[in-house]
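Data first, discussion second: the structure below is written as structure tokens.
The values are calculated or read from the model by the stated rules, or taken from the named source; none is laboratory data. For clarity, every value in this text was computed on a predicted model and none was experimentally measured. Here the Cβ positions follow ideal geometry from the backbone for every residue, glycine too, while neighbour counts run over all protein chains shown. Protein only, heavy atoms only, side chains kept; ligands, DNA and RNA dropped before computing areas. Shrake-Rupley method; radii C 1.70, N 1.55, O 1.52, S 1.80 Å.
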Amino acid sequence: MKKQIVLISSLLLLMMKMLFAQSAASLTAPGAFVVGCNYWASHAGIHMWRNWRPEIVEADLQQLSAGNIRIIRVFPVWPDFQPITQYYGGNGQPAEIRLKDQPLPATGPGASGLDTAMLHHFRDLADMAQRHHIQLVAGLVTGWMSGRMLVPPALEGKHLLSDPTAIMWQIKYVTAFVQAMKNHPAIAAWDLGNECNVMEELPSREAAYLWTAAIANAIRTADPSRPVVSGMHGLGMEGNNPWRIADQAELTDILTTHPYPMWTPHAGMDAKNNIRTCMHSVAESRLYADVGNKPCMAEEIGMMGPMEANEEVTAAFARTALFSLWANNCHGFMWWCAYDQSHLDFPPYEWQAVERNLGLIRPDRTPKPVFNELKKFGAFLQQLPLTVLPVRKTNAVCILTDGQDQWGVAYSSYILAKQAGLELSFRYASQPLTPAALYILPAINGITPLSRTAWLTLLEKVKEGATLYVSCNEGFLSPFTEPTGIDIITRESRRENAAFNFLADTAFRFETAAGSKFRVKSVTAKVLAVENDSNPVFTVNEYGKGRIYFLTVPLENNLANTPGVFENGIPYWKIYETLKESAGIKNVISSHDPSVAFTMHELPAGEMIAVGINYSAAAVNAPLALDNGWKIHKVFYGDPPSGGKYHINANDALVLLLKK
């Protein structure tokens, strides 16, 4: 009998390990994609643990599961789960840390200040999630939530991310929690916490690195089998932001974006169902993934309630983002959040108007249109005859440099590239170059945009046959004249906007701001566009086997800061189309409409998946051009093309199987 029990236990352990591996793979495998949401119990919001109602939580998870929600991010509220209090003696000297009013136990989870009653609640939640086929991402250090700080009493007033005492107790708490829950098959990943980079304004990159390393290492020591998720919002690459993409990528397994248009620079200035806003989540997620060389998911995404967009536009926004993130190898879409919180009368809901109506589901349990979009997309994924979408093919590299608004420049470059039929990947100037037919160096700024070595390496790629495009925003390069083939006669402050008149297409003209005017004389370069006074503004020069295009105005920087420019009728993307043609880049499908972008995904045996996404609020009917004998074999989603044209509804998609 004992042998049978041991055998059964061993089999159960093996099954759990297999489930752990599947959970990790579902978040990190190339092409994998999960659809889910962030979850607070519908009746209580952040008070769900202290006001534990298992029958309501069960009903919530049943409703979410019926809507094809397969993963939820959950938050053990830090002071609820580690309710430690500092007691003081004479002269206000610290005397003892207690768990609630009791001494800390000598052993077990309580020795780390972990409240075992709350732990039982969390285990109940995990059991329910497993019954309803939902996985959990656990945001461990939930000290910041929706505009309110949540801190154990013993740590109030301390610098939570840099004080040694605060960090020590976080390590104890995280270690005990993970050890207690690591054998539960519903856990998909451990998240450092909810936007912990908002918990304290750190003085340095090193301080952010140390805190991240401490928490991530504590998690991995307790459970090395699951991925560690960053959980941060608004990372940077340089400058004053101590929270860096590279550091989070080094220390965690999955990077995260929280791409709310309202809270992200440059993202919220246009309509919420048009191209700038609808490309926000994928542009930011691809930036993180490419620069960090780690999987990235949109861990929180949504609209900030009915004063930002109505329910129909919110649903259109979500539908576009779902297809876009999936097609561009971003590993997940998680809406904020499951249920509205408009009925709750305590902070943060008492304070923050924008935190009350963000749910998929209303307080009366009726689903909103956005809930139905997630349900339909989940059903679409289930009917596909492939478990993961092969990673999309890229054909150009955008190089970001020091001294510029890197996110703004990356964002507008990404949109222009999509409009022109290019698929960008991102690199930072200090990173090794990946091979490409086309390199884009947008809006260089300052006297040290990239190192001498990086610039010479890039020029060598051009000599070998690559095409390079450079646009200038008060930047300096050396050597300059020989590669670009132009002589800067003088540089002076501008008295007017720069005019752009394309010589090959006299109808293509626009004006844009620029700090400096370059008085340019061609040495060996061909002039492609001029200002109104015939001063060259866009040139191309043969360099070795390749070409260098130079634009004297910071187009990408200006577009990032100007509302409406991606839908005002001026085809700025034609500059990028010129680059594509110069580099000899050909697409299997050409969209013939700047609102529609196709990604291509190679399958075995000469097959390919094509995903076309309409990023605009109007339906698109356009010619369908297939290259090199490719033909449509099957339509997985959308209207079947006919009469040599394709049709995609507003903010919708077309998914095709192509064969030669």
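If the stretch 47-169 were replaced by its equivalent ellipsoid, with semi-axes equal to the square roots of 5 times the Cα gyration tensor eigenvalues, what would those be, largest first, whole Å?
Its equivalent ellipsoid spans semi-axes of 32, 15, 11 Å.
Per DSSP H run of at least 4 residues, take -39500 (n - 2.57); add these up for the chain, divide by its residues and hand me the 222 nm value, nearest 500 deg cm²/dmol.
-9500 deg cm²/dmol
When DSSP beta bridges are limited to those with both residues in the stretch 411-553, what percentage is antiparallel, rounded to the nearest 5?
Roughly 70 percent of the DSSP beta bridges within the stretch 411-553 come out antiparallel.
Between helix 280-292 and the chain, what is the angle of the helix's C-alpha long axis to the longest principal axis, kept within 0 to 90° and rounded to the nearest 10?
Around 90 degrees separate the two axes.
Can you return the lysines within cross-link range of K100? Criterion is Cα-Cα under 20 Å, with same-chain partners fewer than 8 residues away left out.
K158, K172
Provide the gained length on full extension for the span D364 to D101, in nm with one decimal, where the gain is 0.36 nm per separating residue minus the Cα-Cα distance.
Length difference between fully extended and current span is 90.8 nm.
Would you mind checking the pairs K418/K574; K418/K545; K461/K517; K580/K659; K586/K660; K418/K461 and listing those with alpha carbons more than 19 angstrom apart? Each step should come with its number before you reach the end.
Working: K418/K574 11 Å; K418/K545 26 Å; K461/K517 29 Å; K580/K659 24 Å; K586/K660 16 Å; K418/K461 23 Å.
Cα-Cα > 19 Å for K418/K545; K461/K517; K580/K659; K418/K461; rest within.
What are the GluC sites (Glu not before Pro) within the stretch 397-483 that DSSP puts in a loop, where the Cβ has at most 12 other Cβ atoms within 10 Å?
Loop-located and lightly packed - E464.
Reported to two decimal places, what Rg/Rh ratio describes the stretch 348-455 when computed on Cα atoms with Rh from the Kirkwood expression?
Values: Rg = 21.1 Å, Rh = 18.1 Å.
Ratio value, two decimals: 1.17.
When ranked by the protection proxy of mean other Cβ atoms within 10 Å per residue, highest first, what sequence do the peptides 479-487, 544-552, 602-610 form?
Result, highest mean first: 544-552, 479-487, 602-610.
Rounded, prolate or oblate, given the Cα gyration tensor of the stretch 200-271, with a/c below 1.5 counting as rounded? Could the numbers behind the result be given before it?
Numbers: a/c = 2.96, a/b = 1.60, b/c = 1.85.
Oblate.
At 1.4 Å probe size, what's the solvent-accessible area of L61? Round to the nearest 10 Å².
0
Give me the one-decimal nm value for the distance between modelled label points at E311 and T481, 7 Å along each residue's Cα-to-Cβ direction.
6.7
What does the highest-first list of 244-251, 261-268 look like by mean Cβ count within 10 Å? Before the final figure, lay out each step's value.
Details: 244-251: 21.2, 261-268: 18.0.
Going by the mean number of other Cβ atoms within 10 Å, highest first, we get 244-251, 261-268.
Calculate the FRET efficiency for W351 and D639 from the Cβ-Cβ distance with a Förster distance of 56 Å, rounded to the nearest 0.05.
0.75
Express the relative contact order of the stretch 248-377 as a whole percentage, based on alpha carbon pairs under 8 Å and six or more residues apart in sequence.
The value is 24 percent.
R0 = 51 Å: FRET efficiency of S493 with A650, Cβ-based, nearest 0.05?
Values: r = 44 Å, r/R0 = 0.86.
Taking R0 as 51 Å, the efficiency between S493 and A650 is 0.70.
Where both residues lie in the chain, what percent of DSSP beta bridges are antiparallel, nearest 5? If you can, show how the numbers build up before the last one.
Details: 61 of 106 bridges.
Counting DSSP beta bridges with both partners in the chain, the antiparallel share is about 60 percent.
Roughly what angle does helix 452-463 make with the longest principal axis of the chain, taking Cα atoms, 0 to 90 degrees, to the nearest 10?
Approximately 60 degrees, to the nearest ten.
If each Cα of the stretch 502-574 is one equal point scatterer, what is log10 of I(q)/I(0) from the Debye formula at q = 0.13 Å⁻¹?
So the normalised log intensities are -0.43.
Would you mind calculating the gained length between Q62 and H120 on full extension (0.36 nm times residue separation, minus the Cα-Cα distance), in nm to one decimal?
18.9 nm is the gain from fully extending Q62 to H120.
Along Cα→Cβ, 7 Å out, is where each label goes; now give me the distance between the ones at A618 and K631 in nm to one decimal.
Roughly 3.5 nm, to one decimal.
Please report the spacing between the Cα centers of the stretch 248-298 and the stretch 529-584 in Å, no decimals.
First find each Cα centre; the distance between them is then 25 Å.
Quick one: Cα centre-to-centre distance for the stretch 38-94 and the stretch 491-519, in angstrom?
57
Using the per-residue mean of other Cβ atoms lying within 10 Å as a proxy for protection, in what order, highest first, do the peptides 310-316, 274-280 fall?
Numbers: 310-316: 18.0, 274-280: 25.7.
Packing order, densest peptide first, comes out as 274-280, 310-316.
Under a crude label model (7 Å from the Cα following the beta-carbon direction), how far is N240 from A605 in nanometres?
Calculated label separation equals 5.8 nm.
Using DSSP to define loop residues, name the GluC sites (Glu not before Pro) in the stretch 163-224 whose beta-carbon has at most 14 other beta-carbon atoms within 10 Å.
E201
Do you know the relative contact order of the chain, to the nearest whole percent, from alpha carbon pairs under 8 angstrom that are 6+ apart?
Rounded, it is 11 percent for the chain.
Find out how many positive minus negative residues lie around A186, taking Lys and Arg as positive, Asp and Glu as negative, among other residues whose Cβ is under 10 Å from that of A186.
Numbers: positive: R123, R131; negative: D127.
Once positives and negatives cancel, what remains is +1.
Efficiency by 1/(1 + (r/R0)^6): what FRET value for Y87 and T165, r their Cβ-Cβ distance, R0 = 25 Å, to the nearest 0.05?
Efficiency at R0 = 25 Å is approximately 0.95.
Long-range amide H contacts for S471: which residues qualify at under 5 Å (H placed 1.01 Å from N, peptide plane, sequence gap of 5 or more or a different chain)?
Amide H neighbours of S471: L441, A443, I444, L551.
Report, to the nearest 10°, how far helix 2-28 tilts away from the longest principal axis of the Cα atoms in the chain, using its own Cα long axis and a range of 0 to 90°.
Compared with the principal axis, the helix lies near 30 degrees.
When a/c reaches 1.5 or more, the comparison of a/b and b/c decides; with that in mind, is the stretch 532-660 rounded, prolate or oblate per its Cα gyration tensor?
Verdict is oblate for the stretch 532-660.
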